[in-house]
1. Choose one answer from Ser197, Ser187, Ser151: the residue with the largest mean-square fluctuation in a GNM of the chain with alpha-carbon springs under 10 Å.
2. Quick one, which of (i) -0.42, -0.92, -1.48; (ii) -0.65, -0.94, -1.28; (iii) -0.56, -0.89, -1.25 is the actual log10 I(q)/I(0) by the Debye sum over Cα atoms at q = 0.08, 0.12, 0.16 Å⁻¹ calculated for this model?
3. Under 18 Å from the 7 Å Cα→Cβ point of Asp105, by amide nitrogen: which residues of segment 62-89?
4. Cα atoms only: what Rg and Dmax, in Å, come out for segment 24-135?
5. Apply the Kirkwood formula to segment 140-333: the hydrodynamic radius equals the inverse of the mean of 1/r over all pairs of different alpha-carbon atoms; give it in Å with one decimal.
6. Below 18 Å, Cα to Cα, which aspartates and glutamates can Lys106 reach? Residues fewer than 8 away in the same chain don't count.
7. Taking the Cα atoms only, what angle lies between the long axis of helix 3-20 and the longest principal axis of the chain, rounded to 10 degrees?
8. Calculate the length of the line joining the C-alpha centroid of segment 195-214 to that of segment 264-334, in whole Å.
Amino acid sequence: MHLKKFYLICISILSVAGINAQAKYAKIVVYRNENSKDKSEEEYKIFANENLTTSLKNYNFEEFYMPDGNFKLKVNEIYATVRKVECVAGRTYYFRIYRNLSLQDKPITIDAIDSVTANNDLKYLKSSFVSKPKIAEVIQKNGIGIIIEPSIGLEKVEMITTTTGTAVMHSFGGGALFGVSYNRKVSEYFGWSAELSEQSSILTPHITNGDITFTQGVLSATPYLTIPLAKKDEQRIKLGGGVDYRFNPILNIETEKIIGGINDKWTYGSVFGYHLIAFFEAKLGEYMRGHIGLKYNDARFSYLFGEKYQSYDPLLRNPHANSIGISLGVEYCF
């Protein structure tokens, strides 16, 4: 993997997000015309994807809009009736809601009605909305995005000593990480994410006559807990931890211009590691969400072979790649 490929992936993600954000809506019409002698003023609570859209009285109808795809139409919270609806943008769908008095428990029923029958029924009903029909809020359970994570390695190895006596250090865990992510919200308080990224470390301090970099691919999975800070999930704290698979780790050494230096490439074995996260997340718009937070990484590599040389220093043969960094990310939610 190379950073150029990641840039192309990110451009594609943003392009798709821009197209999807312009999606049209399907119109959903719910109504009641129950022929009942019961004069109670019972109202049915109508939910779309767990979001309350209206309280529907008898001999009333309500309209709202949903994006292309699937959603759950639910009536009431206690003894709820739920129906999965598949809708296509630009079309209108009609549902008659009533109590089935022929059954012992008198359950609430949701019936899909054809347009001819529904329009004939609507002539004798009144609308319960005052202004224009509303768009029901959609629960955005998925997210795709990009992440950037500069980090500081906690365990460092002295690689070079300059003519002025300065020790040039290298960390196998520090540097910068850049990648793409996928998030899935399982419930209000739990979710999981997956990331594919590339991490690269550098020498500190920087020198002009040589360089040593450690690159690796990272595939991560993170189950997490969320703590809402504001209504409608606009802000939240995310806490979690997970497993990393670190593959294709390579140490590139280019120090031949330095006395005693070499040019070589050392290969290490792929390993599993772990990480811990503490993020603050916030909505950046209707479809976008961003995060900032701390991330701790930990893994230990094993030296396999070098093209020309090898080291017997245990800090180089079995380096400890632990670090703490700042994670920055933005994602498109759908």
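1. Ser187
2. (iii)
3. The answer is 74-84.
4. In Å, with Rg to one decimal and Dmax whole: 13.5, 42.
5. Hydrodynamic radius (Kirkwood, Cα pairs) of segment 140-333 is 17.9 Å.
6. Once the sequence-local aspartates and glutamates are set aside, what remains near Lys106 is Glu34, Asp38, Glu41, Glu42, Glu43, Glu77.
7. 10
8. After rounding, the separation between the Cα centres reads 13 Å.
Each value in this text was obtained by applying a stated rule to the coordinates, not by laboratory testing. Just so you know, these numbers come straight off a predicted model, no measurement behind them. Backbone-built Cβ (ideal geometry, glycine too); neighbour counts: all protein chains shown.
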